[in-house]
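Undergrad: Below is a structure I'd like to ask you about.
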Amino acid sequence: MTPKNPKHMVLTTFMLPAGYHKDSWRMDGSRSDELANLEFVYDLTKMAEDAKLDAIFFGDIVHANTVMRGDIKMNGFYEPMTVLSALAARTKNIGLIGTVSTSFSEPYNLARQMAGLDHMSGGRAGWNIVTSSDGFQNYGIKTAPDPATRYRRATEFVDVVQQLWDSWEDDAVINDKESGWYVDTEKIHPINHTGEFFQVQGPINMPRSPQGRPVLVQAGSSGPGMELGSSVADGIYTAQPLKEPSVEFYAKFKAMAAAKGRNPQDIKVIPGILPILGDTQAEADELAEHLANHLHLDNGRVQVGADLKMDLSELDFNDKIPASWFSDDPALGSRYQIYRRKSVDQGMTLRELIVDLARSTGHQWMAGTASAVADRMIDWFDSKACDGFNLNAPFNPGGFKLICDKLVPELQERGYFRTEYEGTTLRDNFGLSRPASIRERV
């Protein structure tokens, strides 16, 4: 394996075939008639692999609430484990990161699914760890547990999964045909876990995966999210629309990891960015306006209201949401406070907020040439605001093609991104070492 160049960014893409910009599926050429089909998502994945991106990343929601509000962007059409398994068979190098909530699964199931994906892909699997705040009624739970409880469960969940992944030593498989033993049972260990939420005997029923453990990423910028991520994650997805707060978040997060005995360089901070690209600034601005004109404003009102837990039905689109309607309660989450700042501090009208959130959902967005967008990304990277970016394609397939054909080559030409994959696993390409099993470290 060629070591990862420390000057190279991590670049992944949030795989939303309907397009990250809300209602971009209404544009000509969107292929919206193919949503939920393998060929469409494979074509996008092939673009990403040809551009040498580190990974594709699938989010997931387990309810239809957003669809009922007219928003299909964050839909469940592409259930992560099934689609990533299909893509594993048709790709060679690109990482395959899927979201599975610790609120709706069990550690043993998740450990087997992710280890299986890692085996089938030759070491390219990643798990995006999330808790959930919605969808509990679909699992027989009347109300969502409070955030502290959800994160306690998540912390224990991840610990159990890691124990299961480590329950087979690397050389447990001996494949001894003469003796008739495929495994050395002395090198397979029950975990006998008993905790607040789970009782799991173990061991897992499959060999240790090619990466030792699939790569762990985590999305969350709240206090509990940072605590979990700094303890276990290899990559952190975060919404950071402004540079200086991102520099502060980066430094704080790396310090938290170092205080826990982790190497901060082994944890990649990856904010999202939505680039709207044109050959000139005027062309990019025109495309941004074209995207905005496809927005269904009445649905947008409902969607923003749902995000903010407010009834906005009486507001005119040219009105501002009154500052008194917002709360400083940190339990509402970091994204809520981003929306609050846009509305109160920046003075956005409801219409402007609908358009801004349709583009960004709390992330930064930029309309410009590939050169200008690359300038900003490099500035953030060199300023230690991030270790790379999660690229959000504003519309598909055309918007993602612009990213792969114009923006990525610009970064490559300037020496900030690879031109060939360093290795065959996601850990190789992230520049992460293969973890030893817990038994080997004892």
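Undergrad: Based on the alpha-carbon gyration tensor of the range 259-357 and its eigenvalue square roots a ≥ b ≥ c, which shape applies: rounded if a/c is under 1.5, prolate if not and a/b is larger than b/c, or oblate? Intermediate values should be presented prior to the final figure.
TA: Working: a/c = 2.61, a/b = 1.17, b/c = 2.23.
Here the range 259-357 falls in the oblate category.
Undergrad: Check the straight Cα-Cα distances from K254 and name the aspartates and glutamates below 18 Å, setting aside those fewer than 8 residues away within the same chain.
TA: E227, D234, E244, D266, D382, D387
Undergrad: So how do S32, S121 line up by other beta-carbon neighbours within 10 Å, fewest first? Could the numbers behind the result be given before it?
TA: Working: S32 16, S121 27.
Going from least to most buried by this count: S32, S121.
Undergrad: Assuming R0 = 22 Å, what is the FRET efficiency of A251 and R341, from their Cβ-Cβ distance, to the nearest 0.05? All intermediate terms of the calculation are to be shown ahead of the outcome.
TA: Working: r = 20 Å, r/R0 = 0.93.
For R0 = 22 Å, the calculated efficiency reads 0.60.
Undergrad: To continue, here is another question. Would you pull out the residues with amide H under 5 Å of I276's amide H, same chain only if 5 or more places away, H placed 1.01 Å from N?
TA: Those lying under 5 Å, H to H, from I276 are M366, A367, G368.
Undergrad: Applying the Karplus parametrisation 6.51 cos²θ - 1.76 cosθ + 1.60 with θ = phi - 60° to the phi angles of the range 42-50, what ³J(HN,Hα) value in whole Hz is obtained for each residue in order, glycine and proline being reported as x?
TA: 5, 4, 5, 5, 5, 4, 5, 5, 5
Undergrad: Right, another one. Loop only by DSSP, 12 or fewer other Cβ within 10 Å of the Cβ. Give me the GluC sites (Glu not before Pro) in the range 170-257 that pass, ordered by residue number. Working shown, then result.
TA: On the way: sites: E178, E186, E196, E227, E248; in loops: E178, E196.
Those satisfying the criteria are E178, E196.
Undergrad: Can you list the lysines whose alpha carbon is less than 22 Å from that of K177, not counting same-chain residues fewer than 8 positions off?
TA: K187
Undergrad: Further question on the same structure: Mean separation of Cα pairs under 8 Å and 6+ residues apart, divided by the residue count of the range 207-366: what relative contact order is that in percent? Before the final figure, lay out each step's value.
TA: On the way: 168 pairs, mean separation 39.6, N = 160.
Taking the mean separation of contacting Cα pairs over the length of the range 207-366, I get 25 percent.
Undergrad: May I ask you to derive the FRET efficiency for D171 and D405 from their Cβ-Cβ distance with R0 = 41 Å, giving the value to the nearest 0.05?
TA: Numbers: r = 45 Å, r/R0 = 1.10.
The pair D171/D405 has a calculated efficiency of 0.35.
Undergrad: Taking θ = phi - 60°, what integer Hz values does the Karplus form 6.51 cos²θ - 1.76 cosθ + 1.60 yield along the range 98-115, in sequence order, with x for Gly and Pro?
TA: x, 8, 9, 6, 6, 7, 10, 10, 10, x, 5, 4, 5, 4, 5, 4, 5, 5
Undergrad: Let me ask another. When only C-alpha pairs under 8 Å and at least 6 residues apart count, what is the relative contact order of the range 290-374, in percent?
TA: Details: 54 pairs, mean separation 27.1, N = 85.
Computed value for the range 290-374: 32 percent relative contact order.
Undergrad: Can I ask one more? Please work out how much length the chain gains when fully extended from S133 to R434, using 0.36 nm per residue of separation minus the C-alpha to C-alpha distance, in nm with one decimal. Show your work: numbers first, answer last.
TA: On the way: separation 301, 0.36 × 301 = 108.36 nm, distance 3.29 nm.
Here the segment from S133 to R434 would lengthen by 105.1 nm.
Undergrad: Let me ask something else. Between K7 and S324, what is the label-point separation in nm under the 7 Å Cα-to-beta-carbon projection?
TA: Placing both labels 7 Å along Cα→Cβ, they lie 5.7 nm apart.
Undergrad: Please find the FRET efficiency linking F77 to E178, where r is the Cβ-Cβ separation and R0 is fixed at 60 Å, and quote it to the nearest 0.05.
TA: Values: r = 50 Å, r/R0 = 0.84.
Efficiency, rounded to the nearest 0.05: 0.75.
Undergrad: Let me ask another. Return the whole-Å distance between the Cα centroid of the range 136-205 and the Cα centroid of the range 1-39.
TA: With the range 136-205 and the range 1-39 each reduced to a Cα centre, they are spaced 32 Å.
Undergrad: Please state the relative contact order of the chain as a whole percent: Cα pairs under 8 Å, 6+ residues apart?
TA: On the way: 803 pairs, mean separation 107.6, N = 442.
Reported relative contact order: 24 percent.
Undergrad: Test of understanding: what is the full-extension gain from H193 to K384, defined as 0.36 nm times their sequence separation minus their Cα-Cα distance?
TA: On the way: separation 191, 0.36 × 191 = 68.76 nm, distance 3.91 nm.
Working it through step by step, the gained length comes to 64.8 nm.
Undergrad: Compute the Kirkwood hydrodynamic radius of the range 176-313, taking the inverse of the mean of 1/r over all pairs of distinct Cα atoms, and give it in Å to one decimal.
TA: On the way: mean 1/r = 0.0492 Å⁻¹.
By the Kirkwood definition, the hydrodynamic radius is 20.3 Å.
Every number in this text was worked out from the coordinates using simple rules, so none of it is lab data. Here the structure is a predicted model, which is why all the values come from computation and not from measurement. Methodologically, a virtual Cβ is constructed for each residue, glycine included, from the backbone with ideal geometry; neighbour enumeration extends over all protein chains shown.
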